[in-house]
Amino acid sequence: MRYLITLLISTSMLFAWGKTGHRIVGMIAEENLTPEAKEQIAGILGHTDLARISNWPDEIKSDPKWDHTHDWHYCTIFDGKEYEGPEAGGRAIQKVVEFSDLLPKGVLSDRDQKNILCFIVHIVGDLHQPLHVGNGTDRGGNAVDVTWFRDSTNLHSVWDSKMIDHMQYSYTEYAQQIQLALTDEEKAGLLNPDIMAYVSASRAAHGQVYDIGDGNLSWKYIYKNRELMEDRLLRGGFHLAAVLNNIFQ
Ligand code: ADE
Ligand code: ZN
Ligand code: ZN
């Protein structure tokens, strides 16, 4: 039993933005799709929405059939270096580029089309979680032990879910809150499909993310990082919309 619990805990630690984070990104994207993209996506997914399918690539992680996808959720950029490719660790960037190219070609089966669309939605979200762009030393903060209001956890998990869940908003409430102050002009300015731009911004946030003092994290860490976290979620949503609008023209 103890082994089972350890196994469950250690796999859940490696998940991406938690469920709420991915749904927020999915909902914001959904609201900013072009009519063309909306229509084509509905043709692939049927009666569902991006928030609802956004967590599927995490849900299948326990099925050995999908083991080959485990390194599609993150990438690595070493300290002081540019992105050097998937050899540095993690195929997230490679997969978004590959799938964005493949999807509009019309060569995929219905099922593959659906799966690949789900992966794009999920991975673009992941790449906005600063620790999914790792530095190559600590598995994206999974190896950085911290406490969160006295509970033992790790820095990766604080960013995937603990800070978001602390807000106690539903994903629909949070997606609305985050966009509240934006003008239409500002929204249009956020529609950027350039993957390296948003990956670099995640990586550039590390100075702030890793500023953890003695590692006992609670209110002070939240005050310092809430704005950054919400900005990453907001941009995740708009960048995802831009990627999808680009694919489905
Ligand atoms: N494993 C190795 N690096 C990782 C990262 N940045 N995020 C999640 N899992 C990882
Ligand atoms: Zn994660
Ligand atoms: Zn993920």
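FYI, it's all coordinate maths here, none of it is from the lab. Not measured: the values here are computed from a predicted model. Positions of Cβ are backbone-derived with ideal geometry, glycine not excepted, and every protein chain shown enters the neighbour counts.
One table, with the values for the structure above:
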| read-out | value |
| --- | --- |
| Charge dipole (debye, nearest 20) of region 171-249; +1 at Cβ of Lys and Arg, -1 at Cβ of Asp and Glu | 200 |
| Highest-fluctuation residue, ASP63, ASP126, ASP112 considered, GNM on the chain with Cα pairs under 10 Å | ASP63 |
| Approximate shape of the chain as ellipsoid semi-axes (Cα gyration tensor, √5λ), whole Å, largest first | 28, 21, 18 |
| Nearest-20 debye value, the chain charge dipole, Cβ charges on Lys, Arg, Asp, Glu | 500 |
| Average silhouette area of region 169-228, convex hull of alpha-carbon atoms, in square nanometres | 5.6 |
| Rounded FRET efficiency, nearest 0.05, which uses the C-beta distance separating LEU191 from ASP101 and R0 of 25 Å | 0.80 |
| Coil-residue chymotrypsin sites (Phe, Trp or Tyr not before Pro) of region 126-219, DSSP, other Cβ within 10 Å capped at 15 | PHE149, TYR210 |
| Per DSSP, loop GluC sites (Glu not before Pro) in region 18-115 with at most 12 further Cβ within 10 Å | GLU82 |
| Of HIS122, HIS70, HIS239, the one that fluctuates the most in a GNM where the chain has Cα springs shorter than 10 Å | HIS70 |
| Antiparallel %, DSSP beta bridges [both residues in the chain], to 5 | 50 |
| Nonlocal Lys pairs with alpha-carbon distance under 16 Å, region 18-247 (8 or more apart, or different chains) | 8 |
